[in-house]
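A short worksheet on the structure shown next.
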Amino acid sequence: MTMADTVAVMNKGRIEQMGAPEELYELPRTTFVANFLGQSNLFTGDVTASGTDAITVDIAGAGIKVPRERAQRHAGEVTIGVRPEKLTLHTSAPELGAGHNALGPGIVTDVSFTGVSTQYLVQVPGLPLITVFAQNMAFGPVVEQGAEVWVSWRVEHGFGLADEAEPEPRFADDDDTMSIAVQRRQRLEDELDEA
């Protein structure tokens, strides 16, 4: 991305989004672009308020705000996101002003030192796993695995996606080895019966 003024992200032979590298990273329009260019924390919920400056989305009972100009959709069920490096970890419920969003409490399920930063995985009940990148400003992690934490971010760092929320799968993926072997055998038997 450092070699181009304009980047086109393609999905199945069509342009999903085109623009400056920073624009695509900071303001992806679709889930595909949000996850293609780095990692994103994505949450889906219903819009509970739509003002002139921001929309508010119900995420696990918390009213999460996204600037209106950074949201592709302003009503109904929407998917919103925030990049992991924009999040801050708190060891107690944060008392933040109107310009911040917060989710929690959650439990740190993994801590991974990556050099310049440490990656924390946080499980908040009712939400997908949240990834937080914290720059290593001191020796050792900010919190340990198993700690209770909250995450917060500035409202202007959020974004809202244009695509429809992914439908929940009717059945969980069945990817154990025995099941795959049985399915392949059944397909082979069906082919032999047809021949």
Practice task
For the chain, set up a Gaussian network in which alpha carbons nearer than 10 Å are linked by springs, and say which option among T109, T30, T52 fluctuates the most.
Solution key: T52
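Where nothing but the Cβ of Lys and Arg (+1) and of Asp and Glu (-1) is charged, how large is the charge dipole of region 12-147 around its Cα centre, in debye to the nearest 20? Please report the intermediate quantities before stating the final value.
Working: 9 positive and 13 negative charges, 62 e Å.
Here region 12-147 has a charge dipole of around 300 debye.
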Handout entry: Relative counts (whole %) of C-alpha pair distances in the chain, using bins that are 5 Å wide
Key = 1, 7, 13, 15, 16, 14, 12, 8, 5, 4, 3, 2, 1, 0, 0
Exercise for the section: Give, as a single signed number, the net charge of other residues whose beta carbon lies under 15 Å from the beta carbon of A195, with Lys and Arg counted +1 and Asp and Glu -1. Expected result: -4
Exercise for the section: Pick out, from M10, G106, A75, the residue whose Cα sits farthest towards the positive end of the charge dipole of region 1-159, with +1 on the Cβ of Lys and Arg and -1 on the Cβ of Asp and Glu. Expected result: M10
Exercise for the section: Report, in degrees rounded to the nearest 10, the 0 to 90 angle that the Cα long axis of helix 177-194 makes with the longest principal axis of the chain. Expected result: 40 degrees
Exercise for the section: Could you sort 183-193, 78-88 so that the peptide with the highest average Cβ count within 10 Å comes first and the rest follow in order? Expected result: 78-88, 183-193
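FYI, it's all coordinate maths here, none of it is from the lab. Computed from a predicted structure; not experimentally measured. A quick note on method: Cβ atoms are made from the backbone with ideal geometry, for glycine too, and the neighbour counts reach across all protein chains shown.
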